[in-house]
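This report refers to the structure that appears directly beneath it.
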Amino acid sequence: MGNPTAVRPSSAFTTVDLDREGKQVGFLMIPHSPNDDAWGATRVPLAVIKNGSGPTVVLEGGNHGDEYEGPITICELIRELDPGRVQGRLILMPANNVHAVMAGQRVSPVDGLNFNRTFPGDTRGTITMQIAAFMTDHILPRADAFLDLHSGGSSLDILPSAIIEPTDDPALHVKNVAAARAFDAPYSVVISNLGEPRTATAAACRAGAITIGTEMAGAGTVSIEALAICRRGVRNVLAHLGMLPPEDASPRRGDGTVLELPGSAAFVFATMDGILEPLHEKGTPVRAGELAGRIHCTWDPTRVPDELFYRADGMLYARRQPGRVRPGNCCLVVAAPYQGVLA
Ligand code: CA
């Protein structure tokens, strides 16, 4: 457990006791006072399964509202997991940015905020800021491990992978790599979000928790393959952490390959308004300088298509899902072999 954060004054409360034995399913309640509900509340689902001594593991889904495999997996655990099988405490939060989840959108329709750019949050801020503040003040300080289950969302289709958040703490980094490999997705990938400190996983690392993210396909749908990887992977990590018995882990499938996004050169951005023609399937080896795609302006046939080029050597890791692009849209993402320390 990391350094406890100072708890800021807040009007949020929970309907479960985070420290009680057994299984409880309830809500984080955040007072919310819109036009039609003067003294109402935003309800963020929150379940606790606790049995005896052992680590505290936090599972987060619905950080973005259009990413589905993680939330399905967490809800199944809430319904199906026998508390007697658990050693320690599981805190399960399947729909953290709940207004975004109910809308099936990346960001909250209530305040327009991307939850994953709001940490450490603000107990007197908007609803999304207050959810992040509750995580920062009450959940992450209790966590020995934190799993943040993302997918590519509506705009990206990503190779299913476990994500390693960079940390300045070398001992925590080694534990994060081991836990991501235990998840046993086809790839493990170090992703820094270009050094972004306002994400849930960056906040979890600062709290000293073993931290794992995922990217489970995306494309605005539920991937059959990625959902199976996610269901297996979560149980694999819980067994790795000693919370579930070793026999609950699946036999290893992957070879433990670790990749990274090589900085801003990983990303190919749209240069004009039009329709993206990609040239390669995900998983294809690519080279810096190689033609990556074209953008066609189909409403002006005199306009010559813009050509897009890869800017890093590696493998095509993610592709934009909608064909329609505007300047600055992320079209393609390249991952390269990880150059850092693994053990
Ligand atoms: Ca996401």
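The values are calculated or read from the model by the stated rules, or taken from the named source; none is laboratory data. No experiment lies behind these values; they were computed from the predicted model shown. Cβ: placed from backbone, ideal geometry, glycine included. Neighbour counts: every protein chain shown. Areas reflect the complete protein model, heavy atoms only, side chains present, ligands, DNA and RNA absent. Shrake-Rupley method; radii C 1.70, N 1.55, O 1.52, S 1.80 Å.
From the P(r) of the chain, could you give the percentage of C-alpha pairs in the tail past 30 Å?
The answer is 36 percent, as a whole percent.
Under a crude label model (7 Å from the Cα following the beta-carbon direction), how far is Ala288 from Thr257 in nanometres?
Placing both labels 7 Å beyond Cα along the Cβ direction yields 2.1 nm.
Which residue fluctuates the most in the chain, going by a Gaussian network model with Cα springs under 10 Å, if the choices are Thr284, Thr199, Thr42?
Highest fluctuation among the options: Thr284.
Could you report segment 185-310's accessible area per residue, 1.4 Å probe, as an integer in Å²? Don't jump to the answer; show the numbers that get you there.
Details: 5740 Å² over 126 residues.
For segment 185-310, the per-residue accessible area is 46 Å².
Under 14 Å from the Cα of Lys175, which aspartates and glutamates turn up, not counting those fewer than eight places away in the same chain?
Asp144, Glu165
If you average the C-alpha positions of segment 137-189 and of segment 231-288 separately, how far apart do those two centres end up, in angstrom?
After rounding, the separation between the Cα centres reads 11 Å.
Taking all protein chains as present, what is the carbon and sulfur share of the accessible area of the chain, in % to the nearest whole number, probe 1.4 Å?
In the chain, the share of accessible area belonging to carbon and sulfur is 54 percent.
List the residues of segment 192-235 whose backbone N lies under 18 Å from a point placed 7 Å from the Cα of Val25 along the Cα-to-Cβ direction.
So the set is empty, nothing qualifies.
Can you tell me the length gained on complete extension of the stretch Trp39 to Val304, counting 0.36 nm per residue apart and subtracting the Cα distance?
Stretched out fully, the Trp39 to Val304 stretch lengthens by 89.7 nm.
Highest GNM mean-square fluctuation, the chain, Cα pairs closer than 10 Å: which of Val101, Val189, Val222?
Fluctuation is largest for Val222.
How high is the FRET efficiency from Gln105 to Ser53, r the C-beta distance, R0 35 Å, rounded to 0.05? Mind showing how you got there, number by number?
Details: r = 40 Å, r/R0 = 1.15.
Given R0 = 35 Å and the Cβ-Cβ separation, E is 0.30.
Using 0.36 nm times the number of residues separating Thr15 and Thr221, minus their current alpha carbon distance, what extension gain do you get? Before the final figure, lay out each step's value.
Details: separation 206, 0.36 × 206 = 74.16 nm, distance 3.17 nm.
Computed gain between Thr15 and Thr221 is 71.0 nm.
Residues with amide H under 5 Å of Arg294's amide H, sequence separation 5 or more or different chain, H placed in the peptide plane at 1.01 Å from N; which?
The list, which skips near neighbours in sequence, is Glu277, Leu308.
Using unit Cβ charges (K, R positive; D, E negative) and no other charged atoms, how large, in debye to the nearest 20, is the dipole of segment 177-306 about its Cα centre?
Working: 12 positive and 14 negative charges, 79 e Å.
For this selection, approximately 380 debye.
Cα axis of helix 170-183 to longest principal axis of the chain: angle in degrees, 0 to 90, nearest 10?
The angle comes out at about 80 degrees.
Measuring from label point to label point, each 7 Å out along Cα→Cβ, what is the Leu279 to Ala178 span in nm?
4.4 nm
Calculate how steeply helix 69-80 sits against the longest principal axis of the alpha-carbon atoms of the chain, using the helix alpha-carbon long axis, and give the answer as 0 to 90 degrees to the nearest 10.
The angle comes out near 20 degrees.
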